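Here's the structure, in structure tokens; my notes come after.
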Amino acid sequence: MDKGLKKIIISELKKRKYNGMAQYEMETLFNFSKSHISETLSEMISKNIIIKKNCGKLIKKIWLKVYYPGHIENYIRIGILKSSEYVKFLSAAFSVADTLNLNIQVISFNNTVDMMNAMENNALEISLSPAVSQIIYAITKDNYFIIGPVASGGSCIFSNDKFDSDQIKTSDISSMMLLSRNFMMMNKYNNISFYKNPKTGMLDFLKFKFRYIAIWEPFASFIEYKGRKREKDYHDLLDDRPCCLISAGKEFYSKNNQILESIMNAYKSNENIDGRAVKIISRETSIDYDNVIKSIHRYNYSIKFGIDQLKDYANSMGILLSEEKIKKIFKMM
């Protein structure tokens with residue numbers, strides 16, 4: 001395989017994301033022969049890097065597999081954020097995939113907006129992300145179902161002592177916003193700002209750049225290890241509401257309902273932790289393997305969550321959901 005051409009193709013496809021690129025465009029833009037491009041693409045397909053589809057009679061379109069806007073047979077893309085909350089679900093998914101000979105690709109996102117954009121483009125089969133964003137997007141879009149909770153807990157608010165400012169930093173479109181809101185109301189604070197990345201937020205907090213931070217595991221355990229004070233835990237401010245929810249693309253849900261049921265059943269009953277899942281979270285968070293394992297115990301995975309709980313959660317966000325709307329977006333498994 002021509003590694004130089006492969007690098008050029010991957011770079012261009014990353015830019016185009018869900019739109020993909022027609023093969024004839026590559027022949028025009030890259031200044032390589034048709035036969036050379038065709039040979040390189042064939043090798044990339046054989047290595048599961050890209051996917052090629054006929055769009056009409058004449059046009060062949062190429063995508064990176066991660067960005068392909070549709071379900072790929074025997075292939076499950078699971079979107080996550082940088083959190084140890086997802087280790088148990090990923091472990092269950094790997095277990096079912098091994099049994100059924102399926103391929104799992106775990107895709108880590110820096111923020112919920114990018115993940116929900118992937119769901120909107122049908123480029124994820126399953127997403128694990130904050131309940132706040134899942135509910136907002138589910139009621140405004142029409143391409144995925146919420147199928148259950150991930151867990152509750154695992155997050156808290158830390159403080160830097162001897163700090164004049166009452167500023168709190170948190171992540172946007174997440175349960176951390178609700179956690180911060182309740183903490184601020186309790187203390188009559190009003191100075192809030194947002195970090196885009198939990199790793200940089202954590203490091204800035206440890207450098208005493210602001211007084212409070214709302215953050216989740218495994219970052220919370222690392223901050224505690226550094227000697228910072230826990231002001232409030234998740235359950236102090238949000239009870240047993242789920243931090244994150246599980247959603248499935250409608251195409252995947254309709255065509256692979258039995259696979260989804262198998263994964264959800266394994267998730268509810270299987271206590272085994274798969275090392276592959278831990279390694280993914282350790283890599284994405286830059287927190288060592290053992291501390292990722294320890295942080296899992298900060299979460300409560302045995303929570304009640306149904307239509308009533310979904311409605312209450314939406315109400316806490318100031319969103320009123322009708323029974324009809326709930327039934328359209330919520331398919332408990």
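Some notes on this structure:
- Candidates PHE219, PHE208: the one that is surrounded by 15 or more Cβ atoms within 10 Å (Cβ to Cβ) and assigned by TED's automatic domain parsing to the domain that holds ASP172 is PHE219.
- Only one of the listed residues (ASN117, ASN122, ASN110) is within 15 Å of the chain's Cα centre (by Cα) and either in a helix (DSSP H, G or I) or modelled with pLDDT of 95 or more (or both). That residue is ASN117.
- On inspection, GLY227 passes the criterion of being small (Gly, Ala, Ser), assigned by TED's automatic domain parsing to the domain that holds ILE136 and loosely packed, with under 13 Cβ neighbours inside 10 Å.
- Residues that are surrounded by fewer than 21 Cβ atoms within 10 Å (Cβ to Cβ) and either in contact (Cβ under 8 Å) with a residue 12 or more places away in the chain or in contact with a helix residue (DSSP H, G or I) (Cβ under 8 Å, 6 or more places away or on another chain) (or both) within the stretch 166-182 comprise ASP166, GLN167, ASP172, ILE173, MET177, ASN182, listed in sequence order.
- Matching option when the condition is assigned by TED's automatic domain parsing to the domain that holds TYR225, crowded, with 18+ Cβ neighbours inside 10 Å and farther than 25 Å from GLY70 by Cα, among LEU245, LEU320, LEU260, LEU310: LEU310
- In the set ASN31, ASN54, only one residue is exposed (fewer than 15 other Cβ atoms within 10 Å of the Cβ) and either in the same structural domain as ASN117 (by TED's automatic domain parsing) or part of a strand (DSSP E or B) (or both); that residue is ASN54.
- Residues within the stretch 134-165 that are touching an Asp or Glu at 6+ places or on another chain (Cβ under 9 Å) and either surrounded by fewer than 24 Cβ atoms within 10 Å (Cβ to Cβ) or assigned to a strand (DSSP E or B) (or both), tallied: 12
- All conditions in (1) farther than 17 Å from VAL106 by Cβ; (2) buried (at least 16 other Cβ atoms within 10 Å of the Cβ); (3) not small (Gly, Ala, Ser) hold for ILE287, with the sole exception of (1).
- Taking (1) in contact (Cβ under 8 Å) with a residue 24 or more places away in the chain; (2) part of a helix (DSSP H, G or I); (3) of a type outside the set (A, V, I, L, M) in turn, SER42 satisfies each apart from (1).
- Scope the stretch 67-91; condition more than 14 Å from ILE280 (Cα to Cα), among the aliphatic types (A, V, I, L, M) and either crowded, with 19+ Cβ neighbours inside 10 Å or more than 21 Å from the chain's Cα centre (by Cα) (or both); matching residues: ILE76
- Restricting attention to the stretch 279-316, the residues being in contact with a Ser or Thr (Cβ under 8 Å, 6 or more places away or on another chain) and either touching a residue at least 60 places away in the same chain (Cβ under 8 Å) or of a type in the set (Asp, Glu) (or both) number 15.
The values are calculated or read from the model by the stated rules, or taken from the named source; none is laboratory data. All of these numbers come straight from a predicted model, not from anything done at the bench. Quick reminder, even Gly has a Cβ in these numbers, built from the backbone with ideal geometry, and neighbours come from all protein chains shown.
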